[in-house]
Amino acid sequence: MALRSDEWYAGNDRNAYIHRAWMRRGVPDSAFTGRPQIAIANTASDLTPCNSHLTEVAQSVKNGIYEAGGIPLELPVVSLGETNVRPTAMLWRNMAAMATEEMLRANPVDGVVLLGGCDKTIPSLLMAAASVDLPAVVVPGGPMLTGHFRNEALGCGTDVWRLSEEVRAGTLSQEAFTRSESCMIRSAGHCNTMGTASTMALVAEALGTIVPGLAGTPAPDARLAVGAHESGRLAVDLVAQDRRPSTFLTAANFHNAIVALAAIGGSTNAVVHLLAIAGRLGIDLTIDDFDRIGKDVPLLVNLQPAGTHLMDDLYRAGGFLAVMREVRDLLDPSALSVDGRPFVDHLDEAEVWDRDVISSREAPLQPAAGISVLRGSLAPGGAIVKPAAASPHLLRHRGQAVVFDSIEDFHARIDDPDLEIDENSVMILRGCGPKGYPGMPEVSNMPLPKKLLEQGVRDLVRICDGRMSGTAYGTVILHVTPEAAAGGPLALVQTGDWIDLDVPAGRLDLDIPAEELAARQPNRATVEGFAAPERGWEKIYVEHVLQADQGADLDFLVGSSGAAVHRESH
Ligand code: FES
């Protein structure tokens, strides 16, 4: 079998000598002859606490690679800890993807196992693998076990929002809130709600990039180690079969990922990530595909933030494949999984053991739970909303805008007793798109004003050009395109303007005569207020980032360069 790594190691010339000699460190001659070199792209980092256990997982992957005759090579790659990284991990997703792609291409590797978990890590790894197009399989790090406070399960993220709102509403003491902090993170693993990390792991399995049945296995569960071992074995086989992402990932795989996203009630962040991954593969996926394919898919998984349970409950109840079996008829049977078999073939054995966690198709939690796309004079390029996390009475709403020009403006004024806002208002936050922030942060789920919380109001229509945490909930219109900083009409809205939202009709409109709108000057603070970065990654990012409807990838990273490197280093 001819291997890519032979270009480094084969032969007896000076360069092959150099490549082999420095890699020996005790390995035998056989390590360089005909044995697939498998990188383990590892996002373990002490500063990415959700992924800090991945070095243990990597050991199981290594064992599997050795067992199948390959050589494992751990490759630490850029890691993004969602709760730590400023101004937002999303600013660095494309950088992580680019760095991983380039390091895989630059090194003598034949295939790769991708270890991710926290929100941006699986997307960045998949974008990299798609662009370098080497045989690749994802091992998801798995969710953490459920923590409890006062005998109540705590959902990561979702309950932070809920409890902090309770403090602001005066129904929970500050002291109790502080004590709950040490109860939230119980074990290794990523957030245990149906947030972005859980969503991306399950959606990546539906996409066909994970050994079926592995996604959602809790991080401390011994079966994760078994799956990691199997994935290591599979990586060696992928090289032998030359099964690269471009050979089996098609529009059918993305169709299945969108069905899965709706059925699990997954995070809206999956939209930008799937669009970016598809862009790397040259697959023509648009936001309208999410509406078309996913809109009428029923919500079957009763997990926070849309429901009540958490990820280890889903695993106990039968797991992700049991959910997919319920919607088998909606899946595209032609889509192959990374093991070379149709994804749907893996559903035969799946069973549901707890109907309170995984609903039947006949009695879903919601009959139509996908992401809806909105268009109109306020979002000509589109915006999205997750009806499953919204208040039904607000899905059709007309209200007057209360505009905030930045998240700092929002924080400064939201609890001002003189702020004119009531339960019918529409909160607008702008300057939070890919260019404007920069990086499109998760700020769209603006907390409500204290005075409305005290009146018992728990949701308002909120509109923003940023993203929302996958663990958040509410009637939040996201990813408004074009963003204000790119000249979108969001920059023209003034407090007091009437906004019409009609989710069933797919409309989001600013009720201002076209002539008046044309005469308005864009809000300078929003359009020009952000200091254009002068150096470094932020400069590259702002100059090249695409809008949300194109996955917020960089324009020059769309597509693939393959794995070839044409020049030697010596
Ligand atoms: Fe890492 Fe939520 S903060 S998955």
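The packing ranking of peptides 361-374, 214-227, 388-401, 191-204, highest mean first, is 191-204, 214-227, 361-374, 388-401, where packing means the average number of other beta carbon atoms within 10 angstrom of each residue.
Anisotropy class assigned to the range 179-271 is oblate, per the alpha carbon gyration tensor with a/c at or over the 1.5 cut-off and a/b no larger than b/c. Segment residue 148..residue 534, full-extension length gain: 134.3 nm, with 0.36 nm per residue of separation and the alpha-carbon distance subtracted. For the chain, lysine pairs separated by 8 or more sequence positions, or belonging to different chains, with Cα-Cα distances below 25 Å total 9.
The range 68-88 and the range 111-135 have Cα centres separated by 9 Å.
Modelled this way, with points 7 Å down the Cα-to-C-beta line, the labels at residue 31 and residue 458 are 5.9 nm from one another. Here the accessible area is traced with a 1.4 Å probe on the protein chains. For the chain, carbon and sulfur cover 51 percent of it. Annotation: extensible slack from residue 12 through residue 86 equals 21.8 nm (criterion: 0.36 nm per residue apart, minus Cα-Cα distance). Placing +1 on the Cβ of every Lys and Arg and -1 on the Cβ of every Asp and Glu, with no other charges, gives the range 51-126 a dipole of roughly 220 debye about its Cα centre. The angle separating the long axis of helix 174-184 from the principal Cα axis of greatest extent in the chain is about 20 degrees. Placing +1 on the Cβ of every Lys and Arg and -1 on the Cβ of every Asp and Glu, with nothing else charged, gives the chain a dipole about its Cα centre of roughly 1040 debye. At a Cβ-Cβ separation cutoff of 4.7 angstrom, cysteine residues of the chain with no neighbouring cysteine are 183, 432, 464.
Extension gain for residue 168-residue 223 works out to 15.6 nm (0.36 nm per residue, less the C-alpha to C-alpha distance).
When a/c is below 1.5 the answer is rounded, else prolate if a/b is larger than b/c, else oblate, so apply that to the range 339-391 with a ≥ b ≥ c taken from the square roots of the Cα gyration tensor eigenvalues. It is oblate, given that a/c is not under 1.5 and a/b is not larger than b/c. Packing order of peptides 305-317, 418-430, highest average first: 305-317, 418-430 (average count of other Cβ atoms within 10 Å over each peptide's residues).
Per-residue 3J(HN,Hα) values for the range 266-273, derived from phi via the Karplus relation 6.51 cos²θ - 1.76 cosθ + 1.60 with θ = phi - 60°, read x, 5, 5, 5, 4, 5, 5, 5 Hz in sequence order (x marks Gly and Pro).
Comparing Cα centroids, the range 271-328 and the range 176-224 end up 15 angstrom apart. Helix 89-106 axis versus longest C-alpha principal axis of the chain: approximately 20°, rounded to the nearest ten.
The values are calculated or read from the model by the stated rules, or taken from the named source; none is laboratory data. Small disclaimer: the values here were computed from a predicted structure and weren't measured. Using ideal geometry, Cβ is built from the backbone for each residue, glycine included, and neighbour counts are taken over all protein chains shown. The protein model used for the area step is the full one, side chains on, heavy atoms only, and it has no ligands, DNA or RNA in it. Shrake-Rupley method; radii C 1.70, N 1.55, O 1.52, S 1.80 Å.
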